[in-house]
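Peer 1: Dropping the structure in here first, questions after.
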Amino acid sequence: MSTRRIRLLIWKEFTQLRRDPLLIRLLLLMPVLQLILFGYVVAVDIRNLATAVVDLDQTSTSRKLEAAFSGSGYFTITQTPSSEVDLRPLLDRGTVKVALVIPEGTQDRLDRGETAPIGIIVDGSDSQISAVGSGYASQIIAQFNADRMTEQGMSVTAPGIDAQVRVMFNPTLDPVNTMIPGLIAAIMMISLMAIMSQAVVKERESGTLEQMFVTPIHATEYLIGKLTPYAALATAQMLLVAAGGLFWFKVPFNGNFWVVLVGLALFMFTCIGLGLLVSLVSRTRHQAQQAVMFIMIPTMVLSGFIFPIQSMPAIIQPLTNLIPLTWALEVLRGAFVKGSGFEALAVPMIVLAGFAVVIFGASIAATRRRIAE
């Protein structure tokens, strides 16, 4: 074993790394990004859940109960509909995650020494949020009863408010029912970006890209031939995962097939565009792999696929709107779990269409420019 040869090989590797500044930046930025994301997102409790309050009693007791929820830090009252009928659209669109329904006559029942039932409705499309939200709500009601009995000098066994929790859309709180729809989009993004990121850079490394440019092939023909196999592969993969979820894991499908199809088609074009852009700007396959990882880690952490967006710090939550997977998850979970249609999912559909037009369009324009050079 020659020490000199080893030193020369080490020097060679460092020299090659120095010639690839993008790779060095990615390697240095990635652990910092992971530290920040996991440090701020993973270790944070679920707070500030968007909440609707239907106060049909309009008494001092109902107002105190509403104040107990808003002052807890776990619930932020954003909607005060006048009836229970108005709650369903808010839950369908994801505008609120929890609803508190205070029936008329609540204070009268308490004054007569009777138990007063109130309704707590939780959106079950995210099993983590629904489980934590219902638990927090029950704790607040229990504390409210204890404080009320202490103030009035009553026995701790005296009748009080009875919280009746109802989980909508996913009554069993089975996490599989919300995880599988998200997996369809997540797997599609991971596989498409991994494959598409190698599409152009692989030909550039092997020298076939330059040979392709001198042939009579037009840019449009090249793009159609390049993208069609990957789109077909993504469609087959989507159908395979969906079939496995429906028939093996018995995930209920309550929505419209066309809603899912349109949403995934828009998301697929976005993923293809992102992968193609990575392939165009990368000089080596290794560099492309690092760039994909650099994109995928914040995407998986901030999209709401693993950790609820409501658990993230307020300064980070607006950034989740810039991630296409966030909106794809909203469409798929809305269609699968809630049975939402195009009207309820209009906003995420429009946003996904915007991502598809901008990102896929930019990748196509960049590829055509590259071919024309």
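Peer 1: Restricting attention to region 216-299, which trypsin sites (Lys or Arg not before Pro) occupy a DSSP loop and are surrounded by at most 13 other Cβ atoms within 10 Å?
Peer 2: Lys250
Peer 1: Still on this structure, please answer the following. Non-local amide H neighbours of Val251 (under 5 Å, H modeled in plane, Pro and chain starts lacking H): which ones?
Peer 2: Leu246
Peer 1: Remind me, relative contact order of region 175-372 in percent, using alpha carbon pairs under 8 angstrom and six or more residues apart? Don't skip to the end; give the middle numbers.
Peer 2: On the way: 231 pairs, mean separation 70.5, N = 198.
Relative CO of region 175-372 lands at 36 percent.
Peer 1: Cα centroid distance between region 126-194 and region 250-290, in Å?
Peer 2: After rounding, the separation between the Cα centres reads 32 Å.
Peer 1: Hey, can you grab everything whose amide H is under 5 Å from the amide H of Ala116? Only 5+ residues off in sequence or another chain; H modelled, so Pro and N-termini drop out.
Peer 2: Answer set, sorted by chain and number: Gly160, Ile161, Asp162.
Peer 1: Within the set Lys226/Lys250; Lys64/Lys338; Lys250/Lys338, which residue pairs have Cα atoms separated by over 27 Å? Intermediate values should be presented prior to the final figure.
Peer 2: On the way: Lys226/Lys250 36 Å; Lys64/Lys338 32 Å; Lys250/Lys338 16 Å.
Beyond 27 Å between Cα atoms: Lys226/Lys250; Lys64/Lys338.
Peer 1: What are the ³J(HN,Hα) couplings of region 266-275, residue after residue, when phi is run through the Karplus curve with 6.51, -1.76, 1.60 and θ = phi - 60°? Round to Hz, x for glycine and proline.
Peer 2: Going residue by residue, I get 5, 5, 4, 4, 5, 5, 4, x, 4, x Hz, with x marking Gly and Pro.
Peer 1: Below 8 Å, C-alpha to C-alpha, sequence gap of six or more: please give me the relative contact order for region 49-168 in percent. Spell out each step's value before the answer.
Peer 2: Numbers: 197 pairs, mean separation 34.0, N = 120.
Reported relative contact order: 28 percent.
Peer 1: With an 8 Å Cα cut-off and a minimum separation of 6 or more residues, compute the relative contact order for region 119-180 in percent.
Peer 2: Working: 62 pairs, mean separation 34.5, N = 62.
About 56 percent, as a whole number.
Peer 1: Using θ = phi - 60° and the Karplus curve 6.51 cos²θ - 1.76 cosθ + 1.60, what whole-Hz ³J(HN,Hα) does each residue of region 234-250 get, with Gly and Pro shown as x?
Peer 2: 5, 5, 4, 5, 4, 5, 5, 5, 4, 5, x, x, 6, 9, 8, 8, 6
Peer 1: Give me, ordered by chain and number, the residues 5 or more places off Val53 or on other chains with an amide H under 5 Å from its own placed amide H.
Peer 2: Sorted by chain and number, the residues that satisfy this are Gln79, Thr80, Leu100.
Readers should treat all values here as calculations from the given coordinates under stated rules, not as data from a laboratory. Being a predicted model, the structure only gives us computed values, none of them experimental. Here the Cβ is made from the backbone with ideal geometry for all residues, glycine too, and neighbour counts use every protein chain on show.
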